[in-house]
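Q: For reference, the structure I am asking about is given below.
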Amino acid sequence: MEPVLFRDRSRPLQIVLGGLIPAAFGALAGVLLGVSAGAYWAVGAVAAIGGFLSGFEHQDGWGGADRGLVAGFIYGVALLVAHAIAGTDAKVSLGKFPPLLAVVTAIVGMLLTAAGGRLARYLRERAAGGEVAAASTESDAPPASPASSADRPAGPITR
């Protein structure tokens, strides 16, 4: 069964899938950033897997890259805002310039979603190629029984 492409979904559902879910995961990661390093990384891993899998809703890696760039940026900004609102000390270093994290998450999101989109395209082409190859081998198949030895000359052919 072919997944529904992101572009074919309703606009409200696109907003939820491409904006609100990354924002919610980012906010959760931002709150957990001040609580536990392990929980922060676990939420980040789940978000990364989700980003990769969301690429399957696109024709190819390019469409996935666009979505991943925006979703990754939303994730990063939500993470920073939620952490600032929580007012806790980070258990994981955010670097010397924390706003750069939003750029990093955008790039990582773009790469993961593009990889998912590219893999989805490869799998669709492989499945379609298998169907085409099966149909062409049936039409180009040799006769069911080989020619009898009486139909072939005995010995080498001389010219």
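The numbers here are math on the coordinates, done by the rules we state, and not lab data. Since we're looking at a predicted model, the values are computed, not measured. Cβ atoms come from the backbone with ideal geometry, glycine included; neighbour counts cover every protein chain shown.
Q: What is the gain in length, in nm to one decimal, between Trp62 and Phe97 on full extension, counting 0.36 nm per residue of separation less the C-alpha to C-alpha distance?
A: 9.7 nm
Q: Sticking with this structure for a sec: Hey, got the Cα dimensions of segment 6-139 along the principal axes, in Å, largest first?
A: Here the Cα extents, ordered largest to smallest, are 70, 29, 21 Å.
Q: Could I ask something else about it? By counting other Cβ atoms within 10 Å of each Cβ, how are Tyr122, Tyr40 ranked from fewest to most?
A: Result, fewest neighbours first: Tyr122, Tyr40.
Q: Pairs of Cα atoms under 8 Å, at least six residues apart: use those to get the relative contact order of segment 6-139, whole percent.
A: It comes to 33 percent, rounded to a whole number.
Q: To continue, here is another question. In nm, what is the difference between 0.36 nm times the number of residues separating Leu119 and Ala39 and their Cα-Cα distance?
A: Here the answer is 25.9 nm.
Q: Among Ser36, Ser54, Ser93, what is the fewest-to-most ranking by other Cβ atoms within 10 Å?
A: Numbers: Ser36 12, Ser54 23, Ser93 8.
Fewest-to-most ranking of Ser36, Ser54, Ser93: Ser93, Ser36, Ser54.
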